[in-house]
Structure formats: C-alpha cells, structure tokens
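Shown next, in structure tokens, is the structure this report addresses.
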Number of protein chains: 2
Amino acid sequence: MAKDKKVEQITDMEVDFAQWYTDICRKAELVEYASVKGFTILRPYGYAIWENMQRIMDGEFKKTGHVNVAMPVLIPESLLKKEGELVQGFAPEVAWVTHGGSEELEERLAFRPTSETMFCDHWSRVLHSYRELPMLYNQWCSVIRWEKTTRPFLRSREFWWQEGHTIHETAEEARAETEQQLNCYADFFEKVLAIPVVRGRKTDKEKFAGAEATYTVECLMKDHKALQGATSHYFGDKFSRAYDVTFTGRDNKLQYPFQTSWGSTTRMIGAVIMAHGDNNGLVLPPAIAPIQVIVLPVAQHKPGVLEAANALVERLTAAGLRVKIDDSDNSMGWKCAQYEMKGVPLRVEIGPRDMENGQCVLVRRNDGEKTVVALDTLESAVAQQLQLVHDGMFEKAKKNLDEHVFAASSIEEAKELQEKNGGFIKTMWCGDLQCELDMKEKAGMSSRCIPFEQEKLGEVCACCGKPAKHMIYWGVAY
Amino acid sequence: MAKDKKVEQITDMEVDFAQWYTDICRKAELVEYASVKGFTILRPYGYAIWENMQRIMDGEFKKTGHVNVAMPVLIPESLLKKEGELVQGFAPEVAWVTHGGSEELEERLAFRPTSETMFCDHWSRVLHSYRELPMLYNQWCSVIRWEKTTRPFLRSREFWWQEGHTIHETAEEARAETEQQLNCYADFFEKVLAIPVVRGRKTDKEKFAGAEATYTVECLMKDHKALQGATSHYFGDKFSRAYDVTFTGRDNKLQYPFQTSWGSTTRMIGAVIMAHGDNNGLVLPPAIAPIQVIVLPVAQHKPGVLEAANALVERLTAAGLRVKIDDSDNSMGWKCAQYEMKGVPLRVEIGPRDMENGQCVLVRRNDGEKTVVALDTLESAVAQQLQLVHDGMFEKAKKNLDEHVFAASSIEEAKELQEKNGGFIKTMWCGDLQCELDMKEKAGMSSRCIPFEQEKLGEVCACCGKPAKHMIYWGVAY
C-alpha cells in the first residue's frame, strides 16, 4: 500500500496563488477545516510550528519582565460597552453566550474578541500604589471574531494569539513599552521567521479601536500583497479612565496609569507560508521548523545503512537539533517530495557509497543546494547549513520586498504601479481621511503604515495636492 | 509607605479550613475573582505555577509520542448530541453561543465542556489506514462547565486543563494507553507535587459520561477530605461508532479504532494548597515553585551585603534554579512572612556576620529547619535542601494518607469512622449501584475508587451483606 503512495500534487503559485496557499495548508497537514463554519483545526504539524513560535516569543517577553496570566474568556456586555470606541470596533464580530446550562443568562456574555476590558476591570480592583507599576502582563489564548469570509491562518473565526497588556506610571514609559514590543515583533519576524518588515505607524483609520496610536510591522508576500504582521498599541489613559483604574502616585494623589497592548497571532504561520513557500510546498525557517533535519537512508536494505543513518540522528539530536529519520518502505522520490512539502529545512542522505567515503550529503530545502560533508564534521556542517538556509530565505524575501516598493505622485500612478507590480506603493500624504478613502476607492489600496524611516518624495499629497505631512505606504493587504 | 506594610493575616486552618483555603488563594496572589460570576483570574503567581506544571507534564506526554493540537472551542449542538451518554452527562452544564455579531445562529454552539466530539469528528475525516494509528493527541486549553457553586481552582465555570485524546488499532493498545497515562499522572502527583495518591478504577456511577472505564488518582487533603487528582478513560469503540471514525485494517476491511481520553486541570493547584499549606500560607513543592529560592540580605545597608547577596543569586541562577532577591526596604519580618505566604521552598539569608564566616543560612519552608552552609558549597547545599523539602513534604502527606484509611464492615461503622477521623473508609462492596446510593444517603460519602491494590477485608458487602466483589474506598470529596 505505502509503496504505491503518490507524491501529493499542489497547484502552482503562478497559476492560482490562493489555491496554492490552501493546498499547502492542507497537504502539509497544517490545518483542517472543522465542522463549525469558519473554524479551523490546528493539526499536529501546524501546532508544532505554533509551539515553537510561542516558546521563542514567550522567552523574549519574559526577558523584559513580562509575566503570563489567564483572564476569563467571557466578558459581560456591560463591561465591554464601557469604552465606546472599542465596543463599536468589535461589536459586529462578537460571539454571544446567552445560556448557561438550561437557564437564560440575565446578561449576555461576549466571547473575548480581545481582552483590554478584562485587564482593566482586574486592575481596577488590584492596583493601589505606584510601587506596583508597571504591571507587564501577557496571555496566550484563543479569541473569536465572527468574520464573514475566512481563510486558514489569515482570517478565521477563532484564532490563537498572545495579547500583551501593560500599565505604567507615566505616558513616556507606556510609549517606550509600545515601541519595545514593536521592535520585539520586528526582530522575531526578521531573525526567527526570516521575513523582513517595514516598521511604522497606522493611520487613524487603520488603528486599533480605542487606541491613541497603533504601530505595526508590515511584510510582503510572494504574490506581492501586503500582510500586517503584528501590532502594538498605545492607549494613553483612556481605558484607565473608562474603567476607573487608579493608583496612589508619588505625590500621594490618585492617578490614572497609562496603558499599552500588543498582539501577534497564528496568522504568522500564513505569513511564513506565503513569504517562503514554493511550488514544492512549505519552506520553513529552521528556528520554528518542527523537524529541522530529516535523515533519509539511501538503499536502506544494504548492510549497515540504517545503523549509519540512526547514528547521524543520534549525533544531531545530541547537538540539540530536532531530527527525524524516515526508514519507511516508501520510495526515495516520495520521501524527498514529502519532506519538501513539509518544508523541512535540511535533508541528510547517507548510503553505502557515502559510508565507504566517510561522508553524507546535505540538501537545503530553500534552494536545493547539495553539499557533501565529512562525517566527522557533521554537527558543525549541519549548523552552518541551517544558518545558510535562514540567511538565504531572508535575503530572498528581502530582495522581493526591496524590488517591490514603488514611488508614486498621484492616485492614478499608484494604481497603475500596483496593478503592474503589486507591492508597496509609497506616496506623500496630507494626513486626511478623505485621501485614504479616495485611494481605496480609486486604486483599491489601503494605507499599510507611515514608516518610521521617512523619505521626502515631494511636497504635496499624492491624493489631493495639499501640503504633505508624511510619506505613507499603500498596498493590497491580506 | 512600604515600611508600614502589615504582614497579611490568614485564618487558621483549624478554625475554618474553607476560609483558610480562600485566604491563601487571595493573599498569595494566586487567583482573583472576575466580574463574571463563577469565573476566576489566574494571576501571575498562580499562572506561573500552572506554567511549571504544564512544562513538566507536556515533556512527559511528548516522551511517549504525544503531540499537541488545537481544536475549535465551539461545538455544534447536533455534533455534541451524537453520543447519547456524553451529552446527557454534560448538557446541564453547557454554555451556549447563540449569536455571532448581530445575527442569530441557525444552530447554537456549545462552548466545549470536553472535546471528545471534536476529536472524533476530525478523525472521521482524516483517518484512513491502520498505518496512521495510533494518533496520540493532546490539547492545552480552557473549558466551561456551568457549575452552580464555585471555589477557586476546585470548581469554577471556566478552568484550564489538558485533555489527551488517542485512537488505537486494538482494544489492548487503547487499554495500555489509558493505564500508561494514569501512571503518568500518579508519577506527576508523587514526584512533582509531592502528593501521594491511591490509584484505582471509578465505579460505573462515578465514571466519565460515555466511558467504558474511568481510572483515577485520588488524594487526601489536610482536612482529610478526598480530592480526585486526574482521570484517564477507556472508551472502547463506542465514540468511533457514534461518530463514524473508521480505518482500513491490516485485513483490508473497515474497522473502528479504540479510543482513550485523559485530563488534568488547574484544580491540581488547589490540591497543592490543601495537601501542603499551613497557617503561614502556601507551601510549594520545589519542582513547580515560581521562585525556588528567595535570597534575603540581612542588614542590607551595611557595606558589601547587597553585593554578597546578589552574588548568591547569580550563582544559584547559573545552577539552573529560579531565584529572586528581595532588597526592598520592607522589614526582615515582613519579608520572611511574605515569602512564607507565597510558599517559596527555600530562604537564603546572608548578613555581615555570615560574610565574615564565609557562610549563609538556608531555611526550609516546609518545616522551618535552618542550616548554616559554607559559601563554597552553596550550589550543592541548596540542591540538597530542595530535595529535602520535597521529600519532607511527601513524607508528611504520605503519613497523613496512611493514618487516614480505615476499614469498616457496615455503613454505620463507615459513617462513624468518617465523622470521627475523615479520610478514606475502605469496605468490601458487591458492585451494586444501590449500595453506593445507600452509602451516600446514610453516611454522606461517595465512592472514590476501587483501588488497584486490593485487600480482602471480608466476604460480604458492607452495605447489603451480599457476596462482595471488590474492596472500595469511600470518602467526602471536593
């Protein structure tokens, strides 16, 4: 049975990018649809990627003093409604619990779409003195937003995320936290996921409901569409005032703390697929790959081959790597295709001839490059190749980004450039909402961010011709 | 302000055990009530304990080949109802989502009370061949059960847990899995939580809704009440049949796999409090303590003391321990009481005189024992003391258990023993439900388990006088 196993075929990305994406999600066994419309199941391989992401991010959060907590998943409607902008932003997407057991509830409860309200409610009861500040909290959980159209990882009614929530004595400290966490995300994208990002601020139209400022890391996918990677919000003392969170300050007077929140989600797995994948399947950055090295014995029925292959597994495992062997009776062709589909960064082949020569063959997933290495240098050679995989992936994604940022000086030009090339279109902008709406209507693009690294492309807004305030990035976004 | 800080007082356990328990939950900052009735918040210190539990258990699960997944949190009512016993068991406690955004749903969705149905539904779509078996899945998440009365950790409407779900080719393999996971729990309780357990099988009355057999680890608290620690269930092919989960067997025919599930929850934190705590607060087993060692500088304003104390922190951190220093301006008395309340297993004191003598003082939380150790043996001395803390805690809890198991030969005697001593009352039992109901009604005790280690206390059932089948443990349970 297994010998007849077919290599799974996926749609070429050039033919149908959306179908290619869905094919990878399914064929690499990352997710499966659930019987509840709009909900997905994270299968073992997909969840293992998420676990690796979680472990690395959680470690970074803790290095800067953040601690994890667990807040209730249900929020009373009255509590959710205390801050007007937040509830307006999320109400259309909330799932409501109305019955507990056989009884109808007196007040309906929202399945959390985000937890600012719960954190504020908690802080209003436990915070007393400036000595207890800052409170640097984070929680790993799932949230529900009742989206109309859904796609695995990118948009689903339930998704898994972390939401950081902090309160500080001063506005400066809270702003510094917002910035620190945005940089933490940027580093994670670039150094762990091998995805280069553009850091910037969201416009008022695109910012988080209720936030004073939202900062974002924006990435570019292989189809040259934009994807919002993660966001970090500064709230000032707006929620503190709405939820009556106070503390006794150094001056012995009651004060409102300043607040931030920041989040990243399983959508990052979607970003990895679309930033790095190819027509053979997933391509995973080594840092988050559930299997970093797959060892394939060649002519495994020959004496000593399996033993030699298992010895490699043992050595690499001892070196701290996530390694597997496939000694099944599937064909070599099937195995190669299978682990390419799964995006395993490095393949190690060893057969009778390699054994004679005291060597093995390393094959990189990202560019197919083969290297023959002496067995006694195995550990260092594999570590080096994994680094090259990461670097090669980052460089390729960086080239894609760099080659797809185009300057325009009118909506028409922006539209033409987007239709021809995709990518980010950069223009000057006056700061008015109406120009954003015009760009959306006429060129089909939303503002992605006002990059921290500003360039002066001209004096006037590309949309209305009035004096420009910022250089802004536009794009067609996931 | 801080200098005036009062040592928090808690109720003595001999005065009011329930209040003592609640006091610890609050004063040790483990949990806080939420504004949603019956829901609790896991605060940083409480969550850190749960994180340590999770990390250790998750590692054990993975050693035996289990992988994590994430299933949707909402279950369509029709799906939940496919297996009759399960839905009867859980329906009265289900929270129902009826609206998504502004629309009423066509079918209401249950917030998962447990996820057998979702796993079966998923397997019915992805399982094909015996070659894919076993599937050894686990998920860490929260569940909701709409309880009438709630208590922190022990019974709350939302709680956090892991639920393992596996399917196997044969009944034997599934039974072996059920047993393996029960032993995994027993080891966790004894070797990590320092809580001795009784392993056994639940009666039909007490078993999990829909299970063929439920196995349990039962523990005894300091008030001599029983607490169910964790359970492991064998389902046979009952759910497979109900949810149409099939695979092509070795004989090329369609077959139903055999299933297990097993779970443990944040209630284990409640067990730790009540098995080990004392009138000074929490007493934590070193393996799960967020802070394993607290370093307190004595006369910290004297030259060199803070440096010496910080040097100890550095050395112990380098040795892989979770260590903190308290160099605040609170009094030594307040600090000692504070870290006793928090259950920190070991306190290290160092002051000018200690420095002169090249020594420091180690104080064990569980029994207050002080040891003076030479600074150059710090790491080994601390490791040894932490082991002694664990061993001392286990021995004390074991003594409590051993001294509170009493044999009875009638319901009246059982009742008298329970009222006088608490603990487990062991009797012979015929196996009939009516005798369980009689024991509950007349002596206020439920059956805890039929221990694997059977003793022959007599020939006849203590309740009805008919021939006995098993020796059974009864108790008043949390």
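The values are calculated or read from the model by the stated rules, or taken from the named source; none is laboratory data. Owing to the predicted nature of the structure, the values given are computational and were not obtained by experimental measurement. Ideal geometry is used to build each Cβ from the backbone, glycine not excepted, and the neighbour counts take in all protein chains shown. In case anyone asks, the SASA skips ligands and DNA or RNA and just uses the protein heavy atoms, side chains included. Shrake-Rupley method; radii C 1.70, N 1.55, O 1.52, S 1.80 Å.
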- How much of the accessible area of region B:214-342, in percent, comes from carbon and sulfur atoms when a 1.4 Å probe is used? 50
- Between helix A:433-443 and chain A: long-axis angle, C-alpha atoms, 0 to 90°, nearest 10: 40
- Item | For the protein assembly as shown, the fraction of alpha-carbon pairs in successive 10 Å shells from zero, as % | 2, 10, 18, 22, 21, 16, 8, 2, 1, 0
- Would you mind checking the radius of gyration and Dmax of region B:1-131 based on alpha-carbon positions, in Å? 21.5, 69
- Pairs A:Lys191/A:Lys426; A:Lys225/A:Lys426; B:Lys207/B:Lys399; B:Lys398/B:Lys456; A:Lys399/A:Lys440: which are spaced more than 19 Å apart, C-alpha to C-alpha? A:Lys191/A:Lys426; B:Lys207/B:Lys399; B:Lys398/B:Lys456; A:Lys399/A:Lys440
- Per residue accessible area of the protein assembly as shown, 1.4 Å probe, in Å²: 40
- Note on the structure: So, in nm and shortest first, the distances from A:Asp16 to its counterparts in the other copies, with label points 7 Å along Cα→Cβ, work out as 6.8
- Item | Neighbour-limited loop hits for trypsin sites (Lys or Arg not before Pro), region A:411-478 (at most 12 other Cβ within 10 Å; DSSP other than H, G, I, E, B) | A:Lys456
- Antiparallel %, DSSP beta bridges [both residues in the protein assembly as shown], to 5: 85
- Message: Give me the inter-chain shielding for A:76-85: mean count of other chain Cβ atoms within 10 Å, whole number please.
- Response: 1
- Beyond 14 Å, what percent of the Cα pairs of region A:101-154 remain? 71
- Message: Rounded to the nearest 5, what % of DSSP beta bridges with both residues in region A:201-349 are antiparallel?
- Response: 70
- Note on the structure: The equivalent-ellipsoid semi-axes of region B:321-478, taken as the square roots of five times the Cα gyration tensor eigenvalues and listed largest first in whole Å, are 51, 16, 11
- Message: Compute and list, largest first, the equivalent-ellipsoid semi-axes of region B:79-197 from the alpha carbon gyration tensor, each √(5λ) rounded to a whole angstrom.
- Response: 28, 24, 12
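Where nothing but the Cβ of Lys and Arg (+1) and of Asp and Glu (-1) is charged, how large is the charge dipole of region B:124-198 around its Cα centre, in debye to the nearest 20?
It comes to approximately 520 debye.
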- Task: Tabulate in residue order the Karplus-calculated ³J(HN,Hα) for region B:421-427, using 6.51 cos²θ - 1.76 cosθ + 1.60 with θ = phi - 60°, rounded to whole Hz; enter x for Gly and Pro.
- Result: 10, x, x, 8, 9, 9, 9
- Compute the Kirkwood hydrodynamic radius of region B:184-273, taking the inverse of the mean of 1/r over all pairs of distinct Cα atoms, and give it in Å to one decimal. 14.9
- Computed on Cα atoms only, the convex hull of region A:257-409 has an orientation-averaged projected area in nm² of 13.5
- Message: 5 Å is the cut-off here: which amide hydrogens, built 1.01 Å from N in the peptide plane, fall below it relative to A:Gly351, excluding neighbours closer than 5 in sequence?
- Response: A:Val298
- Could you work out how far helix B:116-126 tilts from the main Cα principal axis of chain B, as a 0 to 90 degree angle to the nearest 10? 70
- Message: Please list, in order along region B:252-263, the HN-Hα scalar couplings obtained from phi with the Karplus expression 6.51 cos²θ - 1.76 cosθ + 1.60 (θ = phi - 60°), rounded to whole Hz, x for Gly and Pro.
- Response: 6, 10, 6, 9, 9, x, 9, 10, 9, 8, 7, x
- Message: I'd like the interface area for chains A and B: accessible area of each alone minus the complex, both sides summed, 1.4 Å probe, protein heavy atoms only. What is it in Å² to the nearest 100?
- Response: 4400
- Taking the radius of gyration and the Kirkwood hydrodynamic radius from Cα positions alone, what is the Rg/Rh ratio for chain B, to two decimal places? 1.02
- Looking at A:His165, A:Gln180, A:Ala48, which one has the Cα that reaches farthest to the positive end of the dipole of chain A (charges on Cβ: Lys, Arg +1; Asp, Glu -1)? A:Ala48
- Query: Taking a label point 7 Å from Cα toward Cβ, how far is B:Glu416 from its twins in the other copies, in nm, shortest first?
  - Reply: 10.3
- Taking H as built 1.01 Å from N, whose amide H comes closer than 5 Å to the amide H of B:Leu136, not counting residues under 5 places away? B:Val67
- Message: Can you list residues from other chains, or at least 5 along the same chain, whose modelled amide H is less than 5 Å from the amide H of B:Val295?
- Response: B:Lys324, B:Ile325, B:Asp326, B:Val348
- Relative pair counts by distance (%), Cα atoms of region A:226-289, 10 Å bins: 18, 28, 18, 15, 15, 5, 1
- Note on the structure: Taking the square root of 5λ for each eigenvalue of the C-alpha gyration tensor of region A:254-316, the equivalent ellipsoid has semi-axes, largest first and in whole angstrom, of 45, 18, 6
- Query: How big, on average over all directions, is the shadow cast by the Cα convex hull of region B:316-375, in nm²?
  - Reply: 4.6
- Note on the structure: Interface residues of region B:31-63, defined as losing at least 40 Å² of accessible area versus the chain alone with a 1.4 Å probe, are B:Ser35, B:Val36, B:Ile41, B:Arg43, B:Pro44, B:Tyr47, B:Glu51
- Message: Per residue of region A:66-73, what does 6.51 cos²θ - 1.76 cosθ + 1.60 with θ = phi - 60° give for ³J(HN,Hα)? Whole Hz please, x for Gly and Pro, Karplus curve as stated.
- Response: 7, 10, 8, 9, 10, 9, x, 7
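Work out the length of the dipole vector of region A:293-421 about its Cα centre, built from +1 on the beta-carbon of each Lys and Arg and -1 on the beta-carbon of each Asp and Glu, and round it to the nearest 20 debye.
It comes to approximately 240 debye.
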- Message: To test your reading of the geometry: what angle, between 0 and 90 degrees and rounded to tens, separates the Cα axis of helix A:44-63 from the longest principal axis of chain A?
- Response: 60
- Message: Of all beta bridges DSSP finds with both residues in region B:274-374, what is the antiparallel percent, to the nearest 5?
- Response: 55
- Query: How much of the calculated P(r) for region A:48-114 lies past 17 Å, in percent of all Cα pairs?
  - Reply: 59
